[in-house]
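The values are calculated or read from the model by the stated rules, or taken from the named source; none is laboratory data. Being a predicted model, the structure only gives us computed values, none of them experimental. Ideal geometry is used to build each Cβ from the backbone, glycine not excepted, and the neighbour counts take in all protein chains shown. Areas reflect the complete protein model, heavy atoms only, side chains present, ligands, DNA and RNA absent. Shrake-Rupley method; radii C 1.70, N 1.55, O 1.52, S 1.80 Å.
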Amino acid sequence: VEERYVDGTLPAAVDRAIERGAEECFDFLERLVREDSQLGREQSAQELVAAELSSLGLRVQEIAIPPEIVDDPLAGVGQIGYEGRCNLLAVTSEEPLELLFNGHIDVVSAPPQGWRRPPFAPHREDGWLIGRGAGDMKGGFAAAMLALRALRAAAPQVLQIPLGFLSVLEEECTGNGTLAAVRAGISAEAVILPESTDLRILLGGVGVVWVDVVLDGQGAHAESSGRSPGVLDAVGKVTCALRRLGRDANEHREADFASLSDPYAVNIGILQAGDWHSNVPSRATLGVRFGHPRAWSADEALAALGDAVRDACQGSGVTAGIVPAGLRAEGYCEPLDSALIHELSVAHERSHGSPCETYVIGSTTDARFYVNRGIPAVCYGPAARDIHGPNERVELASIVRSARTFATLLLRRAGGSASSEPRERPSHV
Ligand SMILES: [Zn+2]
């Protein structure tokens, strides 16, 4: 671990405990990445997290996700049932929580193409750990655990603060895990989501909806396919229309997202059509994700998508419609003057000797469920590359750096260190 700025705020004993615990924490991360926790397979990874949190002396309980959660106005469209699939909450105390870490245990799909080794066979390369979920966001779990373990060893009074760690499902497709926890009354004065942010503070994200675009036409023998356009011809038109929708939105960027050149993006993530070389397919389905302006509701975004695809197919003999399919995420942005941002900036600066940057993204995180209800919440965590892609990876040294920030913040909360102002306000970049 290269740079060290131990200036008295992080006592040397805690700093040493972080250093000493790092290898064990990387080992935990490797075991966690090895547990394939794609949608519907999360439980073995949750058990590993539960064991780790229990070993830290926290009280761990399962928090069921009621099936009715899908009827909540903020819910995403349910993907599969919730039986036998639980959130986990670990706490240091039964008192109202001062600080809650929220992490999602689910990972996105991991098709094997492009991976140097299988996605759930984690391996290290030049100081990085490679594997699906290493960056998004199991590395953040490791960072929070490393901080807690070091504090337990070297400053155990800190774990007297009412703290919690919430490990949720379905961040990547619905948000219903965190939503269910919020509805169950699990909250805190402030929430940190240790997503990979490269040790910057992530303030906000755009709205995101998932839809299936369904194109219906006339199935036929292949010999007639030159005579009238079919559903696959319509796919081209619909793709252009969806790109235009994203471009138009980006021409009127909201102030909070002005730092990004194209915060609103339409992605076609799935294309399904046809089953026989000599048949004209009668249906094509596109799995589409639209990152939309924060000012729009999910319903407004869905209406805009529906209009765009119907217009594109007008008069073509193909009928187009949309079906909501997952995320219905509100945009959100934590205000820059929030006490949590100040506190985290101070902790970062005291730990690393440089001011902490803030930023926003053209996607979403579970922080929206807190921020939009007035509970301060931001993301802060390690450095990752290629999340959602092949060879996703997290930088191990950045896990240690994140742990230092968390430990400093928690020590300050426990009154164990001198207070000081950050040298300057966080810069919004
Ligand atoms: Zn994530």
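Residues in region 154-180 that are open to solvent by 10 Å² or more (accessible area, probe 1.4 Å) and under 21 Å from GLY21 (Cβ atoms): ALA154, PRO156, GLN157, LEU159, GLN160, ILE161. Within region 102-111, none of the residues are open to solvent by 10 Å² or more (accessible area, probe 1.4 Å) and charged (D, E, K, R). LEU151 fulfils the conditions (1) over 23 Å from VAL371 (Cα atoms); (2) open to solvent by 10 Å² or more (accessible area, probe 1.4 Å) except for a single criterion, (2).
Scanning region 84-101 for residues that are in contact with a strand residue (DSSP E or B) (Cβ under 9 Å, 6 or more places away or on another chain) and surrounded by fewer than 19 Cβ atoms within 10 Å (Cβ to Cβ) gives SER93, GLU94, GLU98.
Of all residues assigned to region 222-232, at least one qualifies as being surrounded by 21 or more Cβ atoms within 10 Å (Cβ to Cβ) and more than 16 Å from the ligand (Cβ to nearest atom).
Here the strands (runs of 3 or more DSSP E) wholly within region 303-398 that include at least 1 residues being of a type in the set (Gly, Ala, Ser) and open to solvent by less than 10 Å² (accessible area, probe 1.4 Å) are 319-329, 377-379. If you take the residues in region 181-198 that are open to solvent by 10 Å² or more (accessible area, probe 1.4 Å) and within 16 Å of the ligand (Cβ to nearest atom), which one is nearest to the chain's Cα centre (by Cα)? The selected residue is GLU195.
Does TRP276 qualify as being closer than 20 Å to CYS333 by Cα, part of a loop (DSSP other than H, G, I, E, B) and open to solvent by 40 Å² or more (accessible area, probe 1.4 Å)? Judged against the criteria, TRP276 is not a match. So for region 44-67 (the condition being surrounded by 15 or more Cβ atoms within 10 Å (Cβ to Cβ), touching an Asp or Glu at 6+ places or on another chain (Cβ under 7 Å) and touching a residue at least 24 places away in the same chain (Cβ under 8 Å)), does at least one residue qualify? Yes, some residue in region 44-67 is surrounded by 15 or more Cβ atoms within 10 Å (Cβ to Cβ), touching an Asp or Glu at 6+ places or on another chain (Cβ under 7 Å) and touching a residue at least 24 places away in the same chain (Cβ under 8 Å). Among the residues of region 287-302, is there at least one that is more than 21 Å from GLU172 (Cα to Cα), modelled with pLDDT of 95 or more and buried (at least 16 other Cβ atoms within 10 Å of the Cβ)? Among the residues of region 287-302, not one is more than 21 Å from GLU172 (Cα to Cα), modelled with pLDDT of 95 or more and buried (at least 16 other Cβ atoms within 10 Å of the Cβ), which makes the answer no.
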